[in-house]
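Everything below concerns the one structure shown next.
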Amino acid sequence: MIETSGDEIGKTQLVQYAQDLHRTYEQLLAKNKELEILEKKKNDFLEMILHELRTPITKVMMAAEIIMSSRPIDKKARLPYESLKKGIKKLEYVISEIALAAQQSHDKAPVRRGEVLLSALIKRLKVDVEQFITTRKQKITFSGLSRDIAVKGNPMRLYDAFFNIVQNASRFSKDGAEIKIRVKREGDFAVVEVIDRGIGIEKSKIGLIFGSFYEDVDISEHHSGDFEFKSSKLGLGLYISKKIIEKHGGSISVESKVGKGSTFTIKLPAAL
């Protein structure tokens, strides 16, 4: 009978453990490669969809304009024309949202940067969100706009990021609810907080909401209104916002309680 020492058993187990780790590592590498391929296919598909949709939509709009300008416009003709225009604008919005998401995925977002005064950016946002805030009889309050806090960035892209977050707060808050926006400086960072008292987010889903095409709704209940309570869109708004903020050297986080509301905190390096 051959006896095996404890040291030899330990070495055998370590070798087996190392082999298992190596196999797991190889499997993870393979899975990661598959994910990269799927991500590329997804982005290629988005770009193909954008290309295929833009031209026919432009042609439809031009045809409608020609028809309306070629004869006197009466009330009966005006109504379907306005309905057509509204439908086309909705499609144009969807296309622009997909285009912006594709830009972030391919790192093709505009890189022109300058000094951006947050108070001016938020004041512009205040005017533009008025439409859906008023429609929902909601109230939006601002604080910290008197301070001249600046960041280095692309004002158009930063505006897109903030607009998406505020619109999201409105969509998931009931009619008459209050939304607060606070601007402040913390050390080397400019901080913008968007605070709502909406439906909140489950803890297990907080890590998912910034993913592309994620909407926390049952697809069978999807409705694509512009501003209505719990109206569903493409699930790209927070994804785009996060990508833009990170490309500006910043971060976005959220604290939330179901039924109590959410606080989105955006931090950006302040301009010296």
Number of the exception - Leu125 against (1) over 22 Å from the mean Cα position of the chain (by Cα); (2) in contact (Cβ under 8 Å) with a residue 12 or more places away in the chain:
(1)
Only one of these is closer than 26 Å to Lys42 by Cα, in the same structural domain as Thr265 (by TED's automatic domain parsing) and out of contact with any Gly (no Cβ under 8 Å at 6 or more places or on another chain): Leu145, Leu158. Name it.
Leu158
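Yes/no matrix, rows are residues, columns are (1) under 15 Å from the mean Cα position of the chain (by Cα); (2) in contact (Cβ under 8 Å) with a residue 60 or more places away in the chain:
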| site | (1), (2) |
| --- | --- |
| Ile149 | no, yes |
| Lys152 | no, yes |
| Phe162 | yes, yes |
| Gln167 | yes, yes |
| Arg182 | no, no |
| Ile199 | no, yes |
Please report, ordered by residue number, the strands (runs of 3 or more DSSP E) entirely within region 121-216 with at least 1 residues that are loosely packed, with under 15 Cβ neighbours inside 10 Å and in contact with a strand residue (DSSP E or B) (Cβ under 7 Å, 6 or more places away or on another chain).
139-143, 178-186
What are the residue pairs meeting all of these: first residue in region 58-85, first residue on the phi < 0 side of the Ramachandran plot and surrounded by 11 or more Cβ atoms within 10 Å (Cβ to Cβ), second residue at pLDDT below 75 and in a loop (DSSP other than H, G, I, E, B), Cβ atoms under 9 Å, and 6 or more apart or on different chains?
Ala77/Arg71; Tyr81/Ile73
In region 243-272, how many residues are assigned to a helix (DSSP H, G or I) and buried (at least 20 other Cβ atoms within 10 Å of the Cβ)?
3
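The values are calculated or read from the model by the stated rules, or taken from the named source; none is laboratory data. What you see is a predicted model; the values in this text were computed from it and never measured. Don't worry about glycine lacking a Cβ; one is built from the backbone with ideal geometry, like all the others, and counts go over all protein chains shown.
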